[in-house]
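Working notes for the structure below.
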Amino acid sequence: MSLDTAKPMNWFDRLAHPGQFLIWSRRLIWPLAIITVLLFALGLWYAFFNSPEDYQMGDTVRIMYIHVPNAWLSQFCYVLMAMSAIGTLVWRHPMADVSMKAAAPLGAAFTAMALYTGALWGRPTWGTYWEWDGRMTSTLILLLMYLGLIALWRAFDDQLRAAKLIAVLTLVGAINIPVIKFSVDWWNTLHQPASVFRAGGPSMPPSIYIPLFVMTFAFTFLFLTLHLVSMRSEVLRRRVRTLERKQASGAAK
Amino acid sequence: MSAFTALLVRELKLATRASGDVLTLILFFVMVGTITPFAIGPDKVLLARLAPGIIWIAAFLASLLAMDRLFRADHEDGSLLAMRHAALSMEAITLAKLIAHWLTTAVPLIIATPLMAVMLNMDMTIFWRTIVSLALGTPALTAFGAVGAAVTVSLRRGGLIAPVLIMPLSIPILIFGVSAINANAGPGAEMAAMLFLGGISLVATAFVPFAAALALKLTQE
């Protein structure tokens, strides 16, 4: 028996090792997908059939059950990206790179959905698709930041170097997000009367906030499932690339 | 002469002697002001009302245009790599380059603002406020631009992608810059916006050298 001098792996190293990740994540995808489907079935049933109409907005209040979870995910996704960016810069972990890269298009999609459903909701209730209001403007800026980061990922050939540089920019952007939010609120005094994110609080009856909670969980699980799947395909894509390179350099000799 | 001043002097000499970049930048800035009346019509009252916004957009575009040359030339000819062995830390080098860049790109624009004021029919109080808000806000513009320039320095197409990254980050500067000029924002509102603008500039100048230097170091790994 030989002496093993390598440091024993702790539970985190084991989980985050790319090969191990592929093994344990494969088992997680189906349960996550099933939970997502069940939550969506329950949430949509609540949203369409078992929640009251608003006394002013009528049926259009049901847009909220799609709009609010998307808006929540648009911000959650950036927080996840910023945390992965810390992982990239501090521990230089390849899985943090992969998580950051996989989250960017998802964040952009959820932000775009939040803006789109917001516009559809705004038309019948406020009489306009778009208003340069604080919350909308800051969400639009968030979308632009996601798109800029995606463009930057695509501009680099070397994905390892790209990850570190993009992590720097993601963190700078994270510092800037409160500034953006605050400044646009300050800039425009016109503001939507009821803040949507207080909806979970006691300002609403349970008949509305229960479906909202269920839908928020459904969308969050959707995000987790999609994130895991796209992280897996990114790991596999990198492997394929390495194999292609090996074969190409073998052919050259 | 300390290493910091030596670097500052080098940057200033390079910017003023080696090329006509400073003049070209002023020309670009003034041209944006010249083009706008053609686009929105020569209505003097309307122009006067839009003038602060037009000047800020022109300064914004000019600073985006100039940003690319902040690190690129030094990265391509290897000076940046040589500077890593200098007595100065990379952060101090970035700060020196930032200061020199601000002096050679933002200050000329502020000096050229009177030309814009005449063309856009600005009145005197608005004009002075514009000067002050530009002086307070442009350091932050330069600083955010430096992050974009540092992150994209190794990309050959970096000139196109850096502005796309930096524009959303710079929106608060634009918002406070214009509301510092706007007279009918409410009592005391311009002063508050001015203070915010100065605050953003100070924070950005304090933190950006670390972020940009980190990006430059990671590029050279």
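Which of the helices (runs of 4 or more DSSP H) contained wholly in region B:106-221 include at least 3 residues that are modelled with pLDDT under 85, within 12 Å of another protein chain (Cβ to nearest Cβ) and closer than 24 Å to B:PHE29 by Cα?
Output list reads B:158-179.
Using the structure shown, decide if A:THR137 is buried (at least 20 other Cβ atoms within 10 Å of the Cβ) and farther than 16 Å from A:LYS164 by Cβ.
yes
Is it the case that some residue within region A:99-107 is in contact (Cβ under 8 Å) with a residue 60 or more places away in the chain and farther than 30 Å from B:ALA213 by Cβ?
yes
Taking the residues in region B:148-184 that are among the small types (Gly, Ala, Ser) and within 25 Å of A:GLY134 (Cα to Cα) as candidates, determine which candidate is farthest from the chain's Cα centre (by Cα).
Taking the candidates together, the pick is B:ALA183.
What do you reckon, is A:TYR65 within 14 Å of another protein chain (Cβ to nearest Cβ) and either within 22 Å of the chain's Cα centre (by Cα) or polar (S, T, N, Q) (or both)?
no
Hey, any hits in region A:88-108 for a residue that's touching a Leu at 6+ places or on another chain (Cβ under 9 Å), in a helix (DSSP H, G or I), of a type outside the set (D, E, K, R) and facing chain B (nearest Cβ under 9 Å)?
Yes: region A:88-108 contains one or more residues that are touching a Leu at 6+ places or on another chain (Cβ under 9 Å), in a helix (DSSP H, G or I), of a type outside the set (D, E, K, R) and facing chain B (nearest Cβ under 9 Å).
Could you say which residue among B:THR94, B:THR24, B:THR34 is buried (at least 21 other Cβ atoms within 10 Å of the Cβ) and of a type in the set (Val, Ile, Thr)?
B:THR94
Yes/no per residue for (1) at pLDDT below 85; (2) crowded, with 16+ Cβ neighbours inside 10 Å; (3) part of a helix (DSSP H, G or I):
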position	(1), (2), (3)
A:SER203	yes, no, no
A:VAL214	no, yes, yes
A:THR220	no, yes, yes
A:SER230	no, yes, yes
A:GLU234	no, yes, yes
A:VAL240	no, no, yes
A:SER249	no, no, yes
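Looking at region A:126-183 only, could you name the residues that are within 10 Å of another protein chain (Cβ to nearest Cβ) and of a type in the set (Phe, Trp, Tyr)?
A:TYR146, A:PHE156, A:PHE182
Show the residue pairs that are 6+ apart or on different chains and have beta-carbon atoms under 6 Å apart, the first residue being within region B:62-88 and farther than 21 Å from B:ILE161 by Cα, the second being at pLDDT 85 or above and surrounded by 12 or more Cβ atoms within 10 Å (Cβ to Cβ).
B:LEU80/B:ASP74; B:MET83/B:ILE93; B:ALA87/B:ALA3; B:LEU88/B:ALA3
I'd like the full set of residues that are touching an Asp or Glu at 6+ places or on another chain (Cβ under 8 Å) and hydrophobic (A, V, I, L, M, F, W, C), limited to region B:144-163.
Within region B:144-163, B:ALA149, B:ALA162 qualify.
Condition first: of a type in the set (Gly, Ala, Ser) and either modelled with pLDDT of 95 or more or not in a loop (DSSP other than H, G, I, E, B) (or both). Now tell me which residues in region A:109-132 satisfy that.
A:ALA109, A:ALA112, A:ALA114, A:GLY118, A:ALA119, A:GLY122
The values are calculated or read from the model by the stated rules, or taken from the named source; none is laboratory data. Here the structure is a predicted model, which means the values were calculated and not measured. Glycine also receives a Cβ, built like all others from the backbone with ideal geometry; neighbour counts cover every protein chain displayed.
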